[in-house]
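Following: one structure in structure tokens, then a few remarks.
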Amino acid sequence: MIVGKVVGTIVSTRKNEKLVGSKFMIVEPLEKLGDPNLKIVATDNVGAGIGEVVLVATGSAARIGCDMKDAPIDAAIVGIVDNGIGLPEL
């Protein structure tokens, strides 16, 4: 699970048929995961907005977390953080 901040959106008019209707967000991890410029594209079915801190599941947990077991998804926003003790400054 990754904690990150939503910094943008992605619009894709052509995509895999299993992704039609999906909303995609650009998430910047709060803890740097090797590359300081790393950003993740994640599907969002919880209604996150730009500037919000979110929980991102990756790998097979992402597909299960957004109930899209057969979709080509590697990252999914599965929660919006209301409060986090010990998180870096937002």
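The values are calculated or read from the model by the stated rules, or taken from the named source; none is laboratory data. Keep in mind that this is a model prediction, so the values were computed, not measured. Every residue, glycine among them, receives a Cβ derived from its backbone with ideal geometry; neighbour counts consider all protein chains shown. When the accessible area is computed, the model is the full protein with side chains, heavy atoms only, and any ligands, DNA or RNA have been set aside. Shrake-Rupley method; radii C 1.70, N 1.55, O 1.52, S 1.80 Å.
Things worth noting here:
- Heavy-atom accessible area for Ser12, with the other protein chains in place and a 1.4 Å probe, reaches approximately 40 Å².
- Lys, Arg +1 and Asp, Glu -1 on Cβ, resulting dipole of the chain about Cα centre, debye, nearest 20: 320
- At 0.890 mPa s and 25 °C, Stokes D of the stretch 1-53 from Kirkwood alpha-carbon radius, µm² per second: 207
- Here's the picture: a label point sits 7 Å out from the Cα of Ile50 along the beta-carbon direction, and within the stretch 1-41 the residues with their amide nitrogen under 11 Å of it are 7-10, 26.
- Given R0 = 35 Å, the distance between the Cβ atoms of Ser60 and Asn37 translates into a calculated FRET efficiency of 0.85.
- Legend: calculated FRET efficiency, Asn83 to Thr9, from the Cβ-Cβ distance at R0 = 22 Å, rounded to 0.05, equals 0.35.
- Over the chain, relative contact order from alpha-carbon pairs under 8 Å, at least 6 apart, %: 30
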